[in-house]
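Novice: This is the structure I have questions about; it appears just below.
The values are calculated or read from the model by the stated rules, or taken from the named source; none is laboratory data. Remember, predicted model here, so these are calculated numbers, not experimental data. In this analysis, Cβ positions are derived from the backbone assuming ideal geometry, glycine residues included, and neighbour counts consider all displayed protein chains.
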Ligand SMILES: Cc1ncc(COP(=O)(O)O)c(C=O)c1O
């Protein structure tokens, strides 16, 4: 167990990286990945997901793998796009990695960052990465599914079929200690063991997604409908997404420019706020759409 998914990512990266190792991150990405990799002497290489769908581009990932690559971080359901990677794409990823591992004579890990795995909509589910990728590690937390971000409770899990899995686990336990986490909060470890079947009311998040998605698309904003998580990632109607974020601010709506996620030309909305806040923003979105030339 770890101090959240952030702790689990840092523990894992410290365990597997040698100085100069490369980690592939998929844009749009959770920006902290860059800093986490840097913490442990690694460098990141960005690979873009598919422009139309934000799904995995296996050929682009394969082309980015080189002699220094050690890992790929994937995040499904994704922050900021809300997409879930389907089993067939995870299988293609796993098959490609097996091939590249043989070619390079090097272990290539997949870090599957899944804190939103229980926040899915329209009967979507998140496939278990272990069924498709042998050298896979799941990192997750209860920050989102039990809405306990301040309690810093999560875990990492290594695929039992991984090469040298015992060595990895020993390394992870040691790294948790030497990074100064020492252990995940003890009281929370006991509490959440009884809450494994529980999660926040998904219906509540889905209602928020639907109100915003329906309103924004009716105003001409274009976006992929999220299958999970609590974010929308529409195209920015202005070429400069920072300028667009400033415009929304004038209407007291706070969004994050896409360039912060390695995806200029988009912006992120977080809908993990009360429904009254979302409803109160709807007239402002109409004004924003008008100012940005959508209507
Ligand atoms: C994709 C992703 N990974 C990891 C984290 C870190 O979560 P935790 O609070 O469990 O450290 C977050 C939090 O926003 C996130 O969005």
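Novice: Counting just the residues of region 86-111 that are more than 20 Å from residue 55 (Cα to Cα) and out of contact with any helix residue (DSSP H, G or I) (no Cβ under 9 Å at 6 or more places or on another chain), which one comes out surrounded by the fewest Cβ atoms within 10 Å (Cβ to Cβ)?
Specialist: First pass over region 86-111, keeping only residues more than 20 Å from residue 55 (Cα to Cα): 98-108.
Restricting the remaining residues to those that are out of contact with any helix residue (DSSP H, G or I) (no Cβ under 9 Å at 6 or more places or on another chain) gives 98, 101-105.
Details: 98: 14, 101: 16, 102: 9, 103: 9, 104: 14, 105: 7.
Going through the qualifying residues, I end up with 105.
Novice: Can you pull out every residue in region 228-249 that is part of a loop (DSSP other than H, G, I, E, B) and surrounded by 16 or more Cβ atoms within 10 Å (Cβ to Cβ)? So that I can check it myself, show each step before the final result.
Specialist: Start the filter on region 228-249 by keeping residues that are part of a loop (DSSP other than H, G, I, E, B), which leaves 229-230, 233-234, 236-240.
Correct list: 229, 230, 233, 234, 236, 237, 238.
Novice: Could you list all residues from region 37-59 that are surrounded by fewer than 21 Cβ atoms within 10 Å (Cβ to Cβ) and part of a helix (DSSP H, G or I)?
Specialist: Answer for region 37-59, where residues must be surrounded by fewer than 21 Cβ atoms within 10 Å (Cβ to Cβ) and part of a helix (DSSP H, G or I): 38, 39, 58, 59.
Let's see how each residue does on (1) within 17 Å of the chain's Cα centre (by Cα); (2) more than 16 Å from the ligand (Cβ to nearest atom):
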{"position": "23", "(1), (2)": "yes, no"}
{"position": "36", "(1), (2)": "yes, no"}
{"position": "49", "(1), (2)": "yes, no"}
{"position": "55", "(1), (2)": "yes, yes"}
{"position": "64", "(1), (2)": "no, yes"}
{"position": "80", "(1), (2)": "yes, no"}
{"position": "90", "(1), (2)": "yes, yes"}
{"position": "98", "(1), (2)": "no, yes"}
{"position": "128", "(1), (2)": "yes, yes"}
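Novice: Inspect all residues belonging to region 40-47 and state whether any of them is within 24 Å of residue 82 (Cβ to Cβ) and in contact (Cβ under 8 Å) with a residue 60 or more places away in the chain.
Specialist: Yes: one or more hits.
Novice: State yes or no: is residue 67 buried (at least 22 other Cβ atoms within 10 Å of the Cβ), assigned by TED's automatic domain parsing to the domain that holds residue 53 and either touching a strand residue (DSSP E or B) at 6+ places or on another chain (Cβ under 9 Å) or in a loop (DSSP other than H, G, I, E, B) (or both)?
Specialist: Numbers: buried (at least 22 other Cβ atoms within 10 Å of the Cβ): no; assigned by TED's automatic domain parsing to the domain that holds residue 53: yes; either touching a strand residue (DSSP E or B) at 6+ places or on another chain (Cβ under 9 Å) or in a loop (DSSP other than H, G, I, E, B) (or both): yes.
It is false that residue 67 is buried (at least 22 other Cβ atoms within 10 Å of the Cβ), assigned by TED's automatic domain parsing to the domain that holds residue 53 and either touching a strand residue (DSSP E or B) at 6+ places or on another chain (Cβ under 9 Å) or in a loop (DSSP other than H, G, I, E, B) (or both).
For (1) within 15 Å of the ligand (Cβ to nearest atom); (2) surrounded by 16 or more Cβ atoms within 10 Å (Cβ to Cβ); (3) in a loop (DSSP other than H, G, I, E, B), each residue gets a yes or a no:
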position	(1), (2), (3)
166	no, no, no
173	no, no, no
183	no, no, yes
188	yes, yes, no
191	no, no, no
211	no, yes, no
